[in-house]
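Data block below; observations after.
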Amino acid sequence: MELGCRAIWRRCASHWRRGTGTSMTASPPPAKVTRVTCQAVPSHPATVRALHCPSSSTVCSPAVGSAWLGGSRKLSVTGQSRLCWSCHNVVSRSELFCPSCRSLQPPDHSQDYFQILHCDRSYEINIQELQRKYRNLQRSLHPDYFSQKSQLERDISDQQSSLVNKAYDTLLSPLSRGIYLLGIHGITLPEGTEGDMDVPFLTEILEVNEQLIDANSDVEIEEIGNVIQEKCQELIENVREAFQKDDLEGAKTFLTKMKYYTNILEQVKKKILP
Ligand SMILES: [Zn+2]
């Protein structure tokens, strides 16, 4: 027991002994029940019961008086866990469902997309593994599974499902995955600041755009698309190596180039499939 807890426990114990004249464990006094906002769903009317010492207004940890304070698990919550919105039991942040009552837990915005999809936080990602994990998550969140549940849990399943989709789409694309990973490190890509790029690269982009405008057949357009696709593949490898060497500025430069090429590829698709 922490020294502070010991002092609080002594103070609470002495108060209760005075108040009831009996032993604490045999006959606990009525503790004040305070209603606080549910941490899992702040907007949800569900509340969490916390037991307070009547004299000190200090929350007493279950570890201190668990023999009869067993209802409150509030102080057991750590950075890796949170409270179930339904049964108030402690749930690990990595778990979608409460192990006690099986209620689906709401999206945890402290988790990044890699954590949501149970992947290592790395640019190198096993796409088959990512797809498998995504499919498993979406299977657990399928609307059919929640058709007989409360409106609240159906809403939570919708929120979880769209978050999982967003995470998957972001990590699946080599460009958005790289941008997202840079963002985790506090680096953002410039928005249309052409001054950041070298002149030969910008000249090349202008020329390719002109070729695309002048292209008269699908074959010509496809050829341009194939060349750009190859350049993107090279850049994916460059970005991978840069992240491997913790060269974040290098990764940023390669990803910025990849963004330009990806824009051209989108134009190619539009021209072939109007
Ligand atoms: Zn629960």
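The values are calculated or read from the model by the stated rules, or taken from the named source; none is laboratory data. Computed from a prediction, not measured in an experiment: that's the story for all the values here. Counting neighbours? That spans all protein chains shown, and the Cβs are built from the backbone with ideal geometry, glycine included.
Some points to look at:
- Scope the range 101-122; condition within 12 Å of the ligand (Cβ to nearest atom), touching a strand residue (DSSP E or B) at 6+ places or on another chain (Cβ under 8 Å) and free of Cβ contacts under 8 Å to residues at least 60 places away in the same chain; matching residues: Ser103, Leu104
- Qualifying residue in the range 183-194 (condition: crowded, with 18+ Cβ neighbours inside 10 Å and without any contact (Cβ under 8 Å) to a residue 40 or more places away in the chain): no
- Residue check for Leu189: within 35 Å of the chain's Cα centre (by Cα) and part of a helix (DSSP H, G or I): no
- Test: residue in the range 231-248 that is under 22 Å from Lys271 (Cβ atoms), out of contact with any helix residue (DSSP H, G or I) (no Cβ under 8 Å at 6 or more places or on another chain) and not assigned by TED's automatic domain parsing to the domain that holds Arg121: yes
- Residue among Gln244, Gln267 that is in contact (Cβ under 8 Å) with a residue 12 or more places away in the chain and over 25 Å from Ala215 (Cα atoms): Gln244
- Residues satisfying the stated conditions in the range 75-92, i.e. within 14 Å of the ligand (Cβ to nearest atom) and part of a loop (DSSP other than H, G, I, E, B): Val77, Cys84, Trp85, Ser86, Cys87, His88, Asn89
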